[in-house]
Structure formats: structure tokens, C-alpha cells
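Engineer: Below is one structure. I have some questions about it.
The values are calculated or read from the model by the stated rules, or taken from the named source; none is laboratory data. Bear in mind that the values here come from a model prediction, so they are computed numbers and not experimental data. Virtual Cβ from ideal backbone geometry, glycine too; neighbours counted across all protein chains shown.
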Amino acid sequence: MSNIDFSTLISAQDKLTIARSEMLDSLAQIRWMHETAGITLADGHSLASTRDSQAQIASAAAGVRAGLIDAALPWKTPQGWTELTPEALLEADTVLRRHVQACFVAERAVAGQIAASDDPGALDLQAAFLAQIG
């Protein structure tokens, strides 16, 4: 058995760096959960906002902008099937882009709080994130 006290090898600064890194990892998970939790359009339609859904909506909106889609498309929502008009697809794309951007803006703001904190483990990341996202 060794008589070496390994706790002295990890400085307070190292512990703080590790704590910040762990909090940033947790924060990224919170952002991802909010980002992919879905959106609701003005007409009440709820749409998924997973990364696959984001790509599908962006692609459909690009088709509308390019003049390739000029009629309503069947779209599967969490509530079931609906028809999304070209205008609704453009709205969905805009709402989704704003939603995703707001999630990243909130994550960045809370990451700044983590970086500035001498005790990042004391931060309530969920509450801080929700305060930023509004």
C-alpha cells in the first residue's frame, strides 16, 4: 500500500476546471432536450424538432422557396396527420430556426455564468437556462 496522498496532486483550480467541464456537459444536454422537444405553430399545430425533423422542415421550406412545392403536403405531427400549406411550411421553418437559435443563445449565456462562477456546481442549470430562453 502506498502512503502517497493523491488528493494533493489535484489542485483547487483543477477541481474547478473539472466542475465547470461537467456543468457544461450537463448544460449541453439541457439545451439539446429543449431544442428537440418540439414547437407549436400559431395555428396550434405541434411539430417535432428532432434533428431529423429540423432537416425535413428545412428541406420542405427550401422546396417552397425554389417553387418546387406549391400545394399543401401531408405532414405527420405528434397529434397525427395534417396538411401543411406552403405558407405553413415557411412559418414552421422560421419558428423552428428561431427556436433552435434561442436554445443555443441560452446555452451560451449560461455557459458564461458557469465560466464566471467560483462554484459552478451550485448553479441550477435548468432554472438558469429557462430564465435565458424566456
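Engineer: I need the full set of residues from region 79-110 which are at pLDDT below 95 and either among the polar types (S, T, N, Q) or in contact with a helix residue (DSSP H, G or I) (Cβ under 6 Å, 6 or more places away or on another chain) (or both), in order please.
Structural biologist: Result: Q79, T82.
Engineer: Do you know which residues across region 47-90 are among the small types (G, A, S) and in a helix (DSSP H, G or I)? Lay out the reasoning, then the answer.
Structural biologist: Within region 47-90, the subset among the small types (G, A, S) is 48-49, 53, 55, 58-63, 66-67, 71-72, 80, 88.
Within region 47-90, S53, A55, A58, S59, A60, A61, A62, G63, A88 qualify.
Engineer: Output yes when any residue across region 16-28 is farther than 22 Å from G134 by Cβ and touching a helix residue (DSSP H, G or I) at 6+ places or on another chain (Cβ under 7 Å), and no when none is. Explain how you work it out, then say what you get.
Structural biologist: Residues of region 16-28 that are farther than 22 Å from G134 by Cβ, as a first pass: 16-22, 25.
Applying the additional criterion that residues be touching a helix residue (DSSP H, G or I) at 6+ places or on another chain (Cβ under 7 Å) yields 19-20.
Looking for residues that are farther than 22 Å from G134 by Cβ and touching a helix residue (DSSP H, G or I) at 6+ places or on another chain (Cβ under 7 Å), one finds at least one in region 16-28, hence yes.
Engineer: On to the next question. Could you tell me whether region 44-59 includes any residue that is among the basic types (K, R), surrounded by 18 or more Cβ atoms within 10 Å (Cβ to Cβ) and out of contact with any strand residue (DSSP E or B) (no Cβ under 8 Å at 6 or more places or on another chain)?
Structural biologist: no
Engineer: Can you go through I133, I114, I69 and tell me which one is of a type in the set (A, V, I, L, M) and closer than 17 Å to A37 by Cβ?
Structural biologist: Every option except I133 fails the conditions.
Engineer: In this structure, does E87 turn out to be in contact with a strand residue (DSSP E or B) (Cβ under 9 Å, 6 or more places away or on another chain) and either on the phi < 0 side of the Ramachandran plot or not basic (K, R) (or both)?
Structural biologist: no
Engineer: Kindly check whether there is at least one residue in region 12-22 that is among the polar types (S, T, N, Q), out of contact with any Gly (no Cβ under 6 Å at 6 or more places or on another chain), closer than 19 Å to T94 by Cβ and not in a loop (DSSP other than H, G, I, E, B).
Structural biologist: No, region 12-22 has no match at all.
Engineer: When you look at L125, is it surrounded by 15 or more Cβ atoms within 10 Å (Cβ to Cβ) and over 15 Å from G38 (Cα atoms), yes or no?
Structural biologist: Working: surrounded by 15 or more Cβ atoms within 10 Å (Cβ to Cβ): yes; over 15 Å from G38 (Cα atoms): yes.
Spelling it out, L125 is indeed surrounded by 15 or more Cβ atoms within 10 Å (Cβ to Cβ) and over 15 Å from G38 (Cα atoms).
Engineer: Just to be sure I understand the filter: pairs with C-beta atoms under 6 Å, separated by 6 or more residues or on different chains, first member in region 28-47 and among the β-branched types (V, I, T), second member buried (at least 16 other Cβ atoms within 10 Å of the Cβ). Which pairs pass?
Structural biologist: Within 6 Å, the pairs are I30/L125; I30/F129; T36/S49; I39/L47; I39/S49; I39/V95; I39/L96; I39/H99.
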